[in-house]
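First comes the structure, then the notes that go with it.
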Amino acid sequence: MKKLISSLRIPAHHKRIYNDYGDEDIASLAEHMDKLGQITPIVISKNNAVISGARRVAAARSLGWKSIDAVIREIPKGQELYFIISANKQRSKTAPQICEEIDALWKYYSAGKTNGRPRKGAKLDHPKGKTRDLVAADLGVSNRFIQQIRYIKSKRADLLPYLFRHITLTACYAQVKLFENQKEVLKNKKKNG
(Lines give C-alpha, C1' and ligand atoms only; values in the text may rest on other atoms or scores of the structure.)
Protein backbone atom coordinates (compact mmCIF):
# COMPACT_ATOMS: atom_id res chain seq x y z
CA MET A 1 0.00 0.00 0.00
CA LYS A 2 1.23 3.50 -0.82
CA LYS A 3 1.47 6.00 2.06
CA LEU A 4 2.08 9.72 1.86
CA ILE A 5 5.53 10.46 3.24
CA SER A 6 4.23 13.67 4.81
CA SER A 7 1.84 11.62 6.98
CA LEU A 8 4.59 9.43 8.45
CA ARG A 9 6.40 10.14 11.71
CA ILE A 10 9.66 8.80 13.08
CA PRO A 11 9.19 8.08 16.80
CA ALA A 12 11.47 10.07 19.14
CA HIS A 13 12.94 6.92 20.69
CA HIS A 14 13.89 5.68 17.21
CA LYS A 15 15.82 8.90 16.57
CA ARG A 16 17.44 8.71 20.03
CA ILE A 17 18.63 5.11 19.63
CA TYR A 18 19.80 5.06 16.01
CA ASN A 19 20.52 8.74 15.26
CA ASP A 20 21.81 8.08 11.72
CA TYR A 21 19.76 10.40 9.55
CA GLY A 22 22.53 12.82 8.57
CA ASP A 23 23.22 13.82 4.98
CA GLU A 24 26.16 11.42 4.63
CA ASP A 25 24.24 8.51 6.12
CA ILE A 26 21.28 8.94 3.79
CA ALA A 27 23.08 10.01 0.57
CA SER A 28 24.22 6.54 -0.55
CA LEU A 29 20.85 4.99 0.27
CA ALA A 30 19.08 7.75 -1.68
CA GLU A 31 21.38 7.14 -4.65
CA HIS A 32 20.60 3.42 -4.48
CA MET A 33 16.84 4.05 -4.23
CA ASP A 34 17.01 6.51 -7.12
CA LYS A 35 18.53 3.83 -9.36
CA LEU A 36 16.55 0.78 -8.22
CA GLY A 37 13.46 2.19 -6.54
CA GLN A 38 12.15 0.96 -3.22
CA ILE A 39 12.97 -2.74 -2.94
CA THR A 40 11.32 -3.46 0.41
CA PRO A 41 8.28 -1.75 1.89
CA ILE A 42 8.62 0.07 5.19
CA VAL A 43 6.65 -1.12 8.23
CA ILE A 44 4.41 1.34 10.04
CA SER A 45 1.89 1.21 12.87
CA LYS A 46 -1.77 2.16 12.45
CA ASN A 47 -0.97 5.67 13.71
CA ASN A 48 1.71 6.10 10.98
CA ALA A 49 4.75 5.64 13.24
CA VAL A 50 7.65 4.15 11.28
CA ILE A 51 8.66 0.85 12.88
CA SER A 52 11.11 -0.28 10.22
CA GLY A 53 12.49 1.79 7.37
CA ALA A 54 13.17 5.23 8.87
CA ARG A 55 16.32 5.61 6.77
CA ARG A 56 14.38 4.68 3.62
CA VAL A 57 11.81 7.35 4.50
CA ALA A 58 14.59 9.93 4.96
CA ALA A 59 16.14 8.90 1.62
CA ALA A 60 12.76 9.10 -0.14
CA ARG A 61 12.21 12.59 1.34
CA SER A 62 15.63 13.71 0.08
CA LEU A 63 14.69 12.43 -3.40
CA GLY A 64 11.45 14.41 -3.30
CA TRP A 65 9.15 11.39 -3.35
CA LYS A 66 5.58 12.05 -2.25
CA SER A 67 4.66 8.46 -1.31
CA ILE A 68 6.34 5.21 -0.30
CA ASP A 69 5.30 1.54 -0.15
CA ALA A 70 4.34 0.53 3.38
CA VAL A 71 2.97 -2.40 5.32
CA ILE A 72 0.75 -1.60 8.30
CA ARG A 73 1.21 -3.74 11.42
CA GLU A 74 -0.88 -3.93 14.56
CA ILE A 75 1.43 -2.86 17.40
CA PRO A 76 0.13 -3.50 20.94
CA LYS A 77 -0.09 -0.43 23.16
CA GLY A 78 3.19 0.31 24.93
CA GLN A 79 5.18 -2.04 22.69
CA GLU A 80 6.25 0.34 19.89
CA LEU A 81 9.83 0.66 21.17
CA TYR A 82 10.17 -3.13 21.50
CA PHE A 83 8.99 -3.61 17.90
CA ILE A 84 11.37 -0.91 16.61
CA ILE A 85 14.36 -2.62 18.24
CA SER A 86 13.22 -6.02 16.96
CA ALA A 87 12.80 -4.64 13.43
CA ASN A 88 16.35 -3.27 13.50
CA LYS A 89 17.97 -6.50 14.71
CA GLN A 90 19.73 -7.22 11.40
CA ARG A 91 21.18 -3.73 10.91
CA SER A 92 24.86 -3.01 11.46
CA LYS A 93 25.08 -0.91 14.63
CA THR A 94 27.66 1.18 16.42
CA ALA A 95 28.48 0.61 20.09
CA PRO A 96 26.54 3.73 21.18
CA GLN A 97 23.48 2.44 19.29
CA ILE A 98 23.79 -0.97 20.93
CA CYS A 99 24.04 0.72 24.35
CA GLU A 100 20.89 2.71 23.61
CA GLU A 101 19.08 -0.50 22.64
CA ILE A 102 20.28 -2.21 25.82
CA ASP A 103 19.14 0.71 27.97
CA ALA A 104 15.73 0.86 26.26
CA LEU A 105 15.14 -2.89 26.59
CA TRP A 106 16.43 -2.81 30.18
CA LYS A 107 13.74 -0.25 31.07
CA TYR A 108 11.15 -2.23 29.14
CA TYR A 109 11.88 -5.47 30.99
CA SER A 110 12.64 -3.88 34.36
CA ALA A 111 9.18 -2.38 34.78
CA GLY A 112 7.91 -3.82 38.05
CA LYS A 113 11.32 -5.21 39.03
CA THR A 114 14.06 -4.31 41.46
CA ASN A 115 17.64 -5.42 40.84
CA GLY A 116 16.49 -7.49 37.87
CA ARG A 117 13.99 -9.51 39.93
CA PRO A 118 10.20 -9.05 40.18
CA ARG A 119 8.95 -6.83 43.01
CA LYS A 120 6.78 -8.57 45.55
CA GLY A 121 3.19 -8.44 44.31
CA ALA A 122 4.12 -6.73 41.01
CA LYS A 123 2.00 -7.46 37.97
CA LEU A 124 4.35 -8.60 35.21
CA ASP A 125 3.44 -8.04 31.58
CA HIS A 126 6.54 -9.74 30.23
CA PRO A 127 8.14 -13.20 30.38
CA LYS A 128 9.71 -14.22 33.64
CA GLY A 129 13.45 -14.13 33.97
CA LYS A 130 16.34 -11.86 34.77
CA THR A 131 16.41 -8.60 32.86
CA ARG A 132 19.91 -9.20 31.49
CA ASP A 133 18.90 -12.62 30.14
CA LEU A 134 15.88 -11.16 28.36
CA VAL A 135 17.83 -8.25 26.87
CA ALA A 136 20.64 -10.56 25.74
CA ALA A 137 18.18 -12.93 24.08
CA ASP A 138 16.43 -10.09 22.24
CA LEU A 139 19.67 -8.62 20.92
CA GLY A 140 21.30 -11.97 20.17
CA VAL A 141 24.33 -11.30 22.38
CA SER A 142 25.74 -12.93 25.50
CA ASN A 143 25.22 -11.83 29.09
CA ARG A 144 28.94 -11.14 29.26
CA PHE A 145 28.69 -8.80 26.24
CA ILE A 146 25.97 -6.83 28.01
CA GLN A 147 27.89 -6.71 31.29
CA GLN A 148 31.09 -5.52 29.60
CA ILE A 149 29.55 -2.85 27.36
CA ARG A 150 27.43 -1.47 30.23
CA TYR A 151 30.55 -1.30 32.41
CA ILE A 152 32.46 0.60 29.72
CA LYS A 153 29.53 2.98 29.25
CA SER A 154 29.31 3.65 33.00
CA LYS A 155 33.05 4.29 33.45
CA ARG A 156 34.32 5.56 30.08
CA ALA A 157 31.45 6.34 27.70
CA ASP A 158 33.90 8.38 25.59
CA LEU A 159 35.39 5.09 24.34
CA LEU A 160 32.13 3.72 22.89
CA PRO A 161 32.55 5.22 19.39
CA TYR A 162 35.86 3.33 19.05
CA LEU A 163 34.47 -0.09 19.98
CA PHE A 164 34.33 -2.67 17.17
CA ARG A 165 36.16 -0.28 14.80
CA HIS A 166 39.47 0.31 16.57
CA ILE A 167 39.33 -1.90 19.66
CA THR A 168 37.51 -5.08 20.60
CA LEU A 169 35.01 -5.18 23.41
CA THR A 170 37.14 -7.53 25.50
CA ALA A 171 40.29 -5.42 25.13
CA CYS A 172 38.45 -2.19 25.92
CA TYR A 173 36.77 -3.76 28.95
CA ALA A 174 40.11 -5.06 30.24
CA GLN A 175 41.74 -1.62 29.87
CA VAL A 176 38.89 0.22 31.56
CA LYS A 177 38.81 -2.35 34.37
CA LEU A 178 42.59 -2.01 34.84
CA PHE A 179 42.34 1.79 34.88
CA GLU A 180 39.51 1.70 37.45
CA ASN A 181 41.44 -0.76 39.64
CA GLN A 182 44.53 1.46 39.52
CA LYS A 183 42.43 4.48 40.51
CA GLU A 184 41.10 2.52 43.48
CA VAL A 185 44.60 1.43 44.55
CA LEU A 186 45.87 5.02 44.37
CA LYS A 187 42.85 6.26 46.30
CA ASN A 188 43.40 3.67 49.04
CA LYS A 189 47.13 4.41 49.17
CA LYS A 190 46.49 8.11 49.60
CA LYS A 191 43.78 7.42 52.20
CA ASN A 192 46.06 5.13 54.23
CA GLY A 193 48.91 7.62 54.09
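The values are calculated or read from the model by the stated rules, or taken from the named source; none is laboratory data. Fair warning: this is a prediction, and the values are worked out from it, not measured in the lab. With ideal geometry, Cβ positions are generated from the backbone for all residues, glycine too; neighbour counts draw on all protein chains shown. Ligands, DNA and RNA are stripped out before the accessible areas are found, and what is left, the full protein with its side chains, is counted by its heavy atoms. Shrake-Rupley method; radii C 1.70, N 1.55, O 1.52, S 1.80 Å.
With a Förster radius of 22 Å, plug the Cβ-Cβ distance of residue 180 and residue 92 into 1/(1 + (r/R0)^6) and report the FRET value to the nearest 0.05.
Once rounded, the FRET efficiency stands at 0.15.
Just to be sure I understand: with springs between alpha-carbon atoms less than 10 Å apart, which residue in 156, 132, 56 has the highest mean-square fluctuation in the Gaussian network model of the chain?
Ranking 156, 132, 56 by mean-square fluctuation puts 156 first.
Taking all protein chains as present, what is the carbon and sulfur share of the accessible area of the chain, in % to the nearest whole number, probe 1.4 Å?
The C+S portion of the solvent-accessible surface of the chain is 52 percent.
Report Rg/Rh for the chain, rounded to two decimals, where Rg is the Cα radius of gyration and Rh the Kirkwood radius.
A ratio of 1.07.
Please report Rg (one decimal) and Dmax (integer) in Å for the Cα set of region 1-96.
Both quantities, over Cα of region 1-96: 12.8, 38 Å.
Could you derive backbone 3J(HN,Hα) for region 152-161 from the dihedral phi with the Karplus parameters 6.51, -1.76 and 1.60 (θ = phi - 60°), listing whole Hz in sequence and x where the residue is Gly or Pro?
So the J values, rounded to whole Hz, are 4, 4, 6, 9, 8, 4, 5, 8, 4, x.
Quick one: among 181, 88, 19, which has the greatest mean-square fluctuation in a GNM of the chain with alpha-carbon springs under 10 angstrom?
In the Gaussian network model the winner is 181.
Please work out the average accessible area per residue across the chain, using the 1.4 Å probe convention, and give it in Å².
Solvent-accessible surface per residue comes out at 62 Å².
Quick query: amide H of residue 130 versus all other amide H atoms, modeled in the peptide plane; which residues come in under 5 Å with a sequence gap of 5 or more or a different chain?
Answer set, sorted by chain and number: none.
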